[in-house]
Structures are given as C-alpha cells and as structure tokens.
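Since the structure comes first, as structure tokens, the remarks are kept for the end.
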Amino acid sequence: MNYRELLKDKKRIVIKVGSSSLQHQETGELDLIKLEILVRELSDLKNQGKDVVLVSSGAIAEGKKACGIRNISPEVYVNPVAVKQACAAIGQARLMMTYQKLFSEYNHLAAQILMTKNTVYNDVNRLNATNTFNELLVLDAIPVVNENDTVATYEIESIGDNDTLAAIVANLINADLLILLSDIDGLYTDDPRINKEASFVETVEHVDDVVSMGKRTTGSNFGTGGMSTKLSAAKIATANGCDMIIANGKDMRIIHKLISGEKLGTLFVGDKDDEFNLIDHLERNHV
C-alpha cells in the first residue's frame, strides 16, 4: 500500500514545531522568516478545509531574551524554577502575539491553549480540553498549544516535552495525522552523528518493532525531546489510528511537501489498538 499517497486526504492535522526549528542557533532569537513560512503553510492547509492544530515551543527562550537572561541555573539564581516560570509568562505572551499577528495577515484566527499534566490525567479536565479544541476547530480557529510552563514544573505536573504533548493533543481530538518537526530528518537505525553506517528508516508500520532505536539524546541545544520521546509519541498517536511523521523543520515548506506525499521524513503508519490506554502509557513512561 502507498501510505504516502493517502496523506493528502488527511483532514485533522496536528503539527509540532520544536524550539530548535523556531530560533536562530547563534542568538536564540525567534527566526521570523521561518515563523512566517510556518504560518503561511498552516494557513494554506486551513484554506484547503483541513483542521489544523499547532504545538509550539519557544516561550521560555523568548522570555529569557526579553529579560536579558542568558543562564537559568542554581549558580546564578536562588530559585531557578521561579525564574523559568516568570520567563515563560513573559515569553508566552510575546510568542502568541507574534503568532496572532502573522495568522491575521492570512485572515486566520489563532487561539491559545496551555496544558499541564493535570489537564490530561484528570477525566473532567481532559474532557473539557477536548471540547475546547473541538469548538475552536468548529469556529475555524487554529489552536496554538504549549505546556503551561508558568505553573508546571518537572517535579510537580509537567508533561515534559512537546513531542508527548503533541501526541496527547492528537489523541484528544482524534487527529488523523501528526507531524513532528525538529532538527532531525527522521528515524535512523542508529545515531547518524556517531555511526556513519546508520541507515534511514522511511516507513514504520509497527512502532514496537523500532523502540530499541530510540536515543535519549538530541543534537540541539534547545528543546527537551530526543528520539525516545518521539517513539513514545508515535505509540500514542498510531495506537489511536493516527499516522505520524518525524521530519526536519529546517525548511517549513516541508509541510506541504509531506501532505502531498513526498517521501521525506519517517512515516509511522496508524495502527489502531483498542486496548491502548493513554494514561497507562504515560505512567509507564514516567510522564
């Protein structure tokens, strides 16, 4: 079966963009050209009649730049967690303002949704979140999702990384395609930066067959998700019947190329599992 050919018919799409894909590596500042291309790509998907949800990192980094903070560490600050949360509060507003302005130029509405671990684990909160997403999509808005870093900490109620968050969102709204854009081309049999013999994996029909390829490292100075988190996200998405693609976000124009069926990135084929339980999976993976 030509799985790539089926991608153009996907109707509800979640796209996750990592910090490394949104910032200039040298300065940590927002890459406005890439942001504008991203927004144009998503707006065009909306113009095709598709539902689109964006999961976006970048709030803490944007807040740090706004406050002139280079290093948040115990050596510099008495309470680094509080500083991180304050930067998130400042940066999230600035990031959202940028998104709203860019989307408005293409006559589309952006809406903000901030989630915590409790949003997912609490049955009532999870239902409320699903209802909010669905209503926003009915209203033709584009939800922009991030973890609520102003109140969430790793020790208390953090989801931990936006790969997992994006997969959870895809699960909540019954998306039929999840795209994870980061600084890697896709899944390799081994880390290609270390092993030159590593081969690229174009299609995965069963996630469980490739779990051992996951690495808890990432080539970026930004972001938190390595390959292991992406494979965990693939399990969440595909078990709900949702296809997932890991691809390189260096050029945001890759989005329309993926949707049109070009063989870029690694495609994980939806593999519906009626016995899959989201909460059990998150607990097993210490989320």
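The values are calculated or read from the model by the stated rules, or taken from the named source; none is laboratory data. Everything numeric here is computed off the predicted structure, so don't read it as measured data. Note: ideal-geometry Cβ built from the backbone for every residue, glycine included; neighbour counts use all protein chains shown. Protein only, heavy atoms only, side chains kept; ligands, DNA and RNA dropped before computing areas. Shrake-Rupley method; radii C 1.70, N 1.55, O 1.52, S 1.80 Å.
Things worth noting here:
- Every helix of 4 or more DSSP H residues in the chain counts as -39500 (n - 2.57), and over all residues that averages to -12000 deg cm²/dmol at 222 nm.
- List 9, 163, ordered by accessible area with a 1.4 Å probe, largest first: 9, 163
- One decimal place: the segment residue 209-residue 36 gains 58.5 nm when fully extended, by the rule 0.36 nm per residue minus the C-alpha distance.
- Electrostatic tally near residue 281: other residues with Cβ closer than 13 Å to its Cβ, Lys and Arg +1, Asp and Glu -1, net -3.
- The trypsin sites (Lys or Arg not before Pro) of segment 120-199 meeting both criteria, a DSSP state outside H, G, I, E and B (loop) and at most 12 other C-beta atoms within 10 angstrom of the site's C-beta, are 193, 196.
- FRET efficiency, residue 128 to residue 89 (Cβ-Cβ, R0 30 Å, nearest 0.05): 0.85
- Segment 1-66: C-alpha gyration tensor shape, a/c 1.5 cut-off, then a/b vs b/c: prolate
- Shape call, segment 76-178: gyration tensor on alpha carbons, a/c limit 1.5: oblate
- Whole-angstrom Cα spans of segment 68-111 along principal axes, big to small: 46, 17, 9
- Computed lengthening from residue 75 to residue 185, 0.36 nm per intervening residue step minus Cα-Cα distance: 36.0 nm
- Heavy-atom surface of the chain, accessible at 1.4 Å and reported per residue (Å²): 47 Å²
- Shape class of the chain from the alpha-carbon gyration tensor: rounded, with the ratio a/c of largest to smallest axis under 1.5.
- Across the accessible surface of the chain, with the other protein chains kept in place and a 1.4 Å probe, carbon and sulfur atoms take up 48 percent.
- Solvent-accessible area of residue 197, all protein chains in place: 150 Å² (probe radius 1.4 Å, heavy atoms, ligands and nucleic acids excluded).
- Computed about the Cα centre, the dipole magnitude for the chain is approximately 720 debye when only Lys and Arg (+1) and Asp and Glu (-1) carry charge, each at its Cβ.
- The residue among 68, 52, 28 whose Cα reaches farthest toward the positive pole of the charge dipole of the chain, with charges on the beta-carbon of Lys, Arg, Asp and Glu, is 68.
- Potential lengthening between residue 105 and residue 1 on full extension [0.36 nm per residue; Cα-Cα distance subtracted]: 33.5 nm
- Local charge for residue 261 was computed over the other residues whose Cβ lies under 9 Å away, with Lys and Arg +1 and Asp and Glu -1, and equals +2.
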